[in-house]
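Here is the structure we will look at.
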Amino acid sequence: MLGSVFTGLLIIGAAIVLAVASHRRFFAGHPAPPSGLAVLHRGEVAFLQAAAEVLFPESASLPVVGVDAQLPLYVDRHLAALPRTQRFLIRALLLLFEHLSLVLPAGGPGGRDRFSSLSAAARVDVLEQVAGHRDDRVRLLFTALRALVALGYLGHPENLRALSLAPFEIEPGVSDAELLFPRIGALPMSIRFTEADRTDPAALGPLDPHGPRLRAGSRADRLAGPPAGSDARRATP
Amino acid sequence: MTNDPTRAAGPPRPAMPPPLEADWLRAARERVRVFAQYDGPFEERADVVVVGSGPCGAVAAYELARAGKDVILVEEGPPFTVRDLELDGNLSMTRTMREGGLRTTRGTIMPTMQAVALGGGSLVNSAICVRPPDAVFERWASGFDLERTDRAHLDPHFDAIGEFLGIAPTPDAVQGRRNLLFRDACRALGVSSEPIERNVRGCRGSGECFTGCRSRAKQSMDVSYVPAALRAGARVLTSLKVLTIHHTGRRATGVSGHVVVPFSGGGRSGRTHRFRIDAKAVVLAAGCTATPVLLRESGNLANLSGQVGRNLQFHPGVAIAGVFPEAVDPQFGATQGYQSLAFLHEGFKLETLWAPPPLLSMRFPGMGAELQARYAELPRMAVWDAIVSANRSLGEVRSRPFLTQPELHWRLHPADLAILRRALFVIAELFFAAGATRILPGVGGIAEQIDRLEDARVLDSEAVRAENLVMGGNHVFCTTRMHGDPTRGVVDEDGRCHDFENLYIADTGIFPQCPSVNPMWTGMALARRQALALAERL
């Protein structure tokens, strides 16, 4: 009788220890995330910032460093626009990397801590182990993670402008599509274009290769919000 | 005396004045339906329902409407106006591509993209139009019992589409340096090359075909054939996902499905009202990966041959970035402005390529300062690619229980891998001939950068393995292939399913084999021929 009570207490105790350890490992101690996120939780934000810091450190090559590139906001917007299955897969990738140090620990004390709690040198160590792994599939994981954050990093408007790779400033054309179709989510009555608005790109001629580029890029365009009359809740990712 | 006003007012007037432009616009807008307009289940009736508004479906809808048929063109995606286009390449893909642009094959892993938008892939492709050489049609004719699928029979259709879309070689004024470097490299090596013919009117060289043309110079279907179909009287219903083809015996009677929320992926959570469209004929132009799934999920239709979903082929593509000593200004210029068909007999075609830089950079090696230094070289880079006639690399489109998207199983054949290796080496030769100081092959398992042509020979060796190649396969074929023998193919030369009297397929799935060149123009020519034949039968 006493033995079974003791065993029960032992199991309960072990479960409590496990729960506390899991909570500390997975949920506790992350800084508050920026506001306005639709998908990412604070642990994922912490991971992305930790990865951005070592993938894109301060350098002479580009003006914006990884931690200042608002990558969590970019990735959040990307995830929000993805279908559910792909969103799940990318979030699983983030979770995997955050705890990959359990399998591929960094050198030195605390090498099995979660990725976002490791020192910068230890994070580089973990990423290099994955990038140089003998198994193609493991290397592919690194490529996927790097691609995910690189899209937002290099795509940051300031980085693109610094490289003269920002999109050209172009007055948007008006074709039959603009005359016939409303913006996505809007009703046809919202169409304001008439035949007189139609443009002819041939009349404008080639762009100047060194001509003006967009300053804010697409990010500000999207922040302008949906058009009047739209059903933004349903149609805007 | 007379009351006839025409006699009193000078020259006679036509009996009916031509419609004012505003009238056609108002009438055409009334024949369009978009997501925000659906407020409940509905039923429609037409002579023909065309499922899919990509290049093939749009041409079919236009020709049928022009022939006086009552046509409904159904599209799962929404129409994109210029202000709906997303300049960020990654976010653009999430909005315009199935599976958010993250679709890959299984077996040999390769990204593959299929658009879901009014106009289909033409909204976000680089507008390349190439007529396949005679050898391709000869191969098709001899291997697949086809009698009327050759240049002589199809050239009138190629010509009509070419004239409609203004297909013409890319002018030098918008080539930009990265395209002209390719031309110069080909000249230096004595390789023939030419400006790419494209369905573009008034290209300004913004290099953003892949995210949609903000100038509206590209004659994608949403600005060309779909509006023309509307002018001709067709109805265009967007945001409708067809789930079932209805039939009685050997006759299709219509289609049904659900309204889908834009960008929802078409899954159950994104579906709203039901719809049904009854028609005298059904034309499936949903694309090579969607059409076979639709047939199978409608009761394994048109599959007495057992070929539906099988024979999946791609043009797997590989690319190399070359770094030049001086600025290339790659952002300016036609997205893909120059090509070489000189190696078609070896199984590959060479092209220039540009894409939003963050997408291109995904293949760069390393991390940290090293990776950032690569980014800084982008203004001195050009990217050239090869697409391969991978006729021996086969796969299958499979539907997956409880999942919206199909599984694409495909495996690269060793003989086609050998062609890819050879193509990589030829691209390297061209880069060094053009004066590149080094190349980034983007192939795992070998050097991340190559500084000398002699070292590039590794590209044409067994060191390049399929699993280490960064490939893309956006031209997809053969899953409902055309064959003169009903036991070996799904459709006949007019695109009509062998097992049905009035069920047609008009997408690249009917190609008997991959066409070795960019497929859009060929698909449209076949669709035009089919539509004219169907119009006569109705």
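Here are A:PRO109, A:PRO72, A:PRO105, A:PRO34: which of them is away from chain B (no Cβ under 13 Å) and in contact with a Lys or Arg (Cβ under 7 Å, 6 or more places away or on another chain)?
A:PRO105
Here A:GLU195 fulfils each of the conditions (1) modelled with pLDDT of 95 or more; (2) surrounded by fewer than 22 Cβ atoms within 10 Å (Cβ to Cβ); (3) in contact with an Asp or Glu (Cβ under 7 Å, 6 or more places away or on another chain); (4) not polar (S, T, N, Q) apart from (1). Out of A:GLY36, A:GLY29, A:GLY43, one residue alone is small (Gly, Ala, Ser) and in a helix (DSSP H, G or I). It is A:GLY43. For the stretch B:452-483, give me each residue that is within 14 Å of chain A (Cβ to nearest Cβ) and either of a type in the set (Val, Ile, Thr) or in a helix (DSSP H, G or I) (or both). Correct list: B:VAL464, B:ALA466, B:GLU467, B:ASN468, B:VAL470.
Within the stretch A:161-211, being within 27 Å of B:ALA355 (Cβ to Cβ), part of a helix (DSSP H, G or I) and at the interface with chain B (Cβ under 7 Å from one of its Cβ atoms) holds for A:ASP176, A:ALA177, A:GLU178, A:PRO201, A:ALA202, A:LEU204.
Residues in the stretch B:19-49 that are over 26 Å from the mean Cα position of the chain (by Cα), aliphatic (A, V, I, L, M) and not in a helix (DSSP H, G or I): B:LEU20, B:ALA46. State whether the residues of the stretch B:211-234 include one that is within 20 Å of B:VAL383 (Cβ to Cβ), surrounded by 24 or more Cβ atoms within 10 Å (Cβ to Cβ) and of a type in the set (Val, Ile, Thr). Among the residues of the stretch B:211-234, at least one is within 20 Å of B:VAL383 (Cβ to Cβ), surrounded by 24 or more Cβ atoms within 10 Å (Cβ to Cβ) and of a type in the set (Val, Ile, Thr), which makes the answer yes. All of B:ARG310, B:ARG374 fail the test of being charged (D, E, K, R), closer than 30 Å to B:ARG106 by Cα and not in a strand (DSSP E or B), apart from B:ARG310. If you check B:ALA376 against the conditions, is it without any contact (Cβ under 8 Å) to a residue 40 or more places away in the chain and either within 12 Å of B:ALA321 (Cβ to Cβ) or over 19 Å from the mean Cα position of the chain (by Cα) (or both)? The answer is yes for B:ALA376. The listed residues are B:GLY484, B:GLY489, and the only one of them that is of a type outside the set (A, V, I, L, M), more than 15 Å from B:GLY509 (Cβ to Cβ) and modelled with pLDDT of 95 or more turns out to be B:GLY484.
For the stretch B:408-428, the condition of being farther than 27 Å from B:ALA463 by Cβ, small (Gly, Ala, Ser) and assigned to a helix (DSSP H, G or I) holds for none of the residues.
In the condition set (1) out of contact with any helix residue (DSSP H, G or I) (no Cβ under 7 Å at 6 or more places or on another chain); (2) hydrophobic (A, V, I, L, M, F, W, C); (3) under 20 Å from B:ASP47 (Cα atoms); (4) assigned to a loop (DSSP other than H, G, I, E, B), B:PHE275 is compliant with all but (4). One residue stands out in the stretch B:68-92 among those that are facing chain A (nearest Cβ under 8 Å) and part of a loop (DSSP other than H, G, I, E, B): the one that is surrounded by the fewest Cβ atoms within 10 Å (Cβ to Cβ), namely B:GLU86. Once the stretch A:75-102 is narrowed to residues that are among the aliphatic types (A, V, I, L, M), away from every other protein chain (no Cβ under 13 Å) and surrounded by 18 or more Cβ atoms within 10 Å (Cβ to Cβ), the residue that is farthest from A:SER22 (Cα to Cα) is A:LEU94. Every test in (1) closer than 30 Å to B:SER393 by Cβ; (2) in a strand (DSSP E or B); (3) over 24 Å from the mean Cα position of the chain (by Cα) is passed by B:ASN300 save one, and that test is (2). For beta carbons closer than 6 Å, sequence separation of 6+ or different chains, a first residue in the stretch B:132-152 that is more than 19 Å from B:ASN518 (Cα to Cα) and a second that is part of a helix (DSSP H, G or I), the qualifying pairs are B:LEU146/B:TRP140. Could you please tell me which pairs satisfy a Cβ distance under 9 Å, a separation of 6+ or placement on different chains, a first residue in the stretch B:391-405 that is modelled with pLDDT under 95, and a second residue that is aromatic (Phe, Trp, Tyr)? Going by the 9 Å Cβ cut-off, there are no qualifying pairs. For the stretch B:249-272, a tally of residues being outside any loop (DSSP other than H, G, I, E, B) and either within 22 Å of B:LEU403 (Cβ to Cβ) or within 27 Å of the chain's Cα centre (by Cα) (or both) returns 13. There is no residue in the stretch B:274-295 that is among the charged types (D, E, K, R) and at pLDDT below 95.
So, of the residues in the stretch B:262-285 that are out of contact with any Pro (no Cβ under 9 Å at 6 or more places or on another chain) and surrounded by 22 or more Cβ atoms within 10 Å (Cβ to Cβ), which turns out to be nearest to B:GLY509 (Cα to Cα)?
B:LEU284
In this entry, B:MET367 is excluded by the filter for residues that are buried (at least 17 other Cβ atoms within 10 Å of the Cβ) and assigned to a helix (DSSP H, G or I). Kindly establish whether B:ARG438 is touching a residue at least 24 places away in the same chain (Cβ under 8 Å), within 14 Å of chain A (Cβ to nearest Cβ) and not β-branched (Val, Ile, Thr). Criteria not met by B:ARG438. Among the residues making up the stretch B:496-533, those that are small (Gly, Ala, Ser) and under 18 Å from B:ARG148 (Cβ atoms) are B:ALA506, B:GLY523, B:ALA525, B:ALA527, B:ALA531, B:ALA533. Scanning the stretch A:145-160 for residues that are within 7 Å of another protein chain (Cβ to nearest Cβ) and either under 12 Å from A:LEU93 (Cβ atoms) or not aliphatic (A, V, I, L, M) (or both) yields a count of 3.
If the condition is being of a type in the set (A, V, I, L, M, F, W, C) and under 14 Å from the mean Cα position of the chain (by Cα), then the stretch A:41-54 contributes A:VAL45, A:ALA46, A:PHE47, A:LEU48, A:ALA50, A:ALA51, A:ALA52. The set of residues from the stretch A:125-144 being within 10 Å of another protein chain (Cβ to nearest Cβ), more than 16 Å from B:ASN468 (Cβ to Cβ) and in contact with a Leu (Cβ under 9 Å, 6 or more places away or on another chain) comprises just one member, A:LEU127.
B:GLY445 satisfies every condition listed in (1) crowded, with 19+ Cβ neighbours inside 10 Å; (2) of a type in the set (Gly, Ala, Ser); (3) part of a loop (DSSP other than H, G, I, E, B) except (1). Of all residues in the stretch B:352-376, those satisfying the criterion of being out of contact with any helix residue (DSSP H, G or I) (no Cβ under 8 Å at 6 or more places or on another chain) and more than 8 Å from chain A (Cβ to nearest Cβ) are B:LEU353, B:ARG363, B:GLU370.
The values are calculated or read from the model by the stated rules, or taken from the named source; none is laboratory data. For clarity, every value in this text was computed on a predicted model and none was experimentally measured. Cβ atoms come from the backbone with ideal geometry, glycine included; neighbour counts cover every protein chain shown.
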